Amino acid sequence: MKKILVVGATGTTGNNVVNLLHNSQYYEPVAMVRHEDQQANFEQQGIKTVLADLTKEVSHTTEGIDKVIFAAGSKGKALDSVDRKGAMKIIDASKKNKIQKLVMLSSIGADAPQQSDTLKEYLQAKQDADRYLANSGLDFTIVRPGTLNDATPTGKIRLAQNLDNKEGEIPRGDVAKVLVQSLNDSVANREAIEILNGESTIEEALSTVRNA
């Protein structure tokens, strides 16, 4: 089983990712947490953890890890130190330990932050992290969902590398499923994809961005 570091494991989306991996026959999650009490919570469930803070040293987090899902976010409170530089640190740590693939949770609009009136700084931080990953030499998939909500996952999405209509929402549970399935080496490798709630199953949608 491949060991998957989940950065942002205590967030709602990240926690969904950890649970999906924990129930998978292919992957074993390693939850990255900042506090020892969070560590105990995961380990009581039989889930391995690594203690680290994105604003500090993180190079140890990818030791013995096969692939990484970066699902962390500061909710606007620390855009530079977490969303931008924290992501870059994890990318550097992934390069150092020769990670096989890194799946990055980004956001629709990260390709053009200047077009947003309200989220410009957030989207700029995401764009900077995405570009750093794209230029890292690592294999990667960048997943850019629309507005996240806590609705019941439908298992159905709309996906494109550049959606015509970018307005819309998507349940966090569906985003988590896309992140996990994007760990597959042949899914959207070295590409960015945009996703919203839609009519195609996640499997069908991702099959359109499989690399030969």
Tally Lys/Arg at +1 and Asp/Glu at -1 over every other residue whose Cβ is under 10 Å from the Cβ of residue 102; what's the total? +2
Within the chain, which is the longest segment containing none of the trypsin sites (Lys or Arg not before Pro) that sit in a DSSP loop and have at most 16 other Cβ atoms within 10 Å? 99-165
With bins 10 Å wide starting at 0, give me the P(r) of the range 149-212 over every alpha carbon pair, in whole percents. 23, 58, 19, 0
Solvent-accessible heavy-atom area per residue, rounded to whole Å², over the range 1-153 at 1.4 Å: 48
Over the range 114-212, what percent of the accessible surface lies on carbon and sulfur atoms, probe 1.4 Å? 42
Can you give the longest stretch of the chain with no exposed loop site, where a site means GluC sites (Glu not before Pro) in a DSSP loop (not H, G, I, E or B) with at most 13 other C-beta atoms within 10 Å? 64-166
At a 1.4 Å probe radius, carbon and sulfur cover how many percent of the accessible area of the range 1-92? 45
Rg to Rh ratio, the chain, alpha-carbon atoms and Kirkwood radius? 0.93
Average projection area in nm² (convex hull over Cα atoms of the range 99-188, one quarter of hull surface): 6.2
For the cross-link pairs 2/89; 56/95; 56/177, which exceed 24 Å when the distance is taken from alpha carbon to alpha carbon? 56/177
For n ≥ 4 DSSP H runs only, could you compute -39500 (n - 2.57) per run for the chain, divide by its residues and tell me the 222 nm figure to the nearest 500? -8500 deg cm²/dmol
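The values are calculated or read from the model by the stated rules, or taken from the named source; none is laboratory data. What you are looking at is a predicted structure, and each value in this text was computed from that prediction instead of being measured. Virtual Cβ from ideal backbone geometry, glycine too; neighbours counted across all protein chains shown. The accessibility values were calculated without ligands, DNA or RNA, using every heavy atom of the protein model including side chains. Shrake-Rupley method; radii C 1.70, N 1.55, O 1.52, S 1.80 Å.
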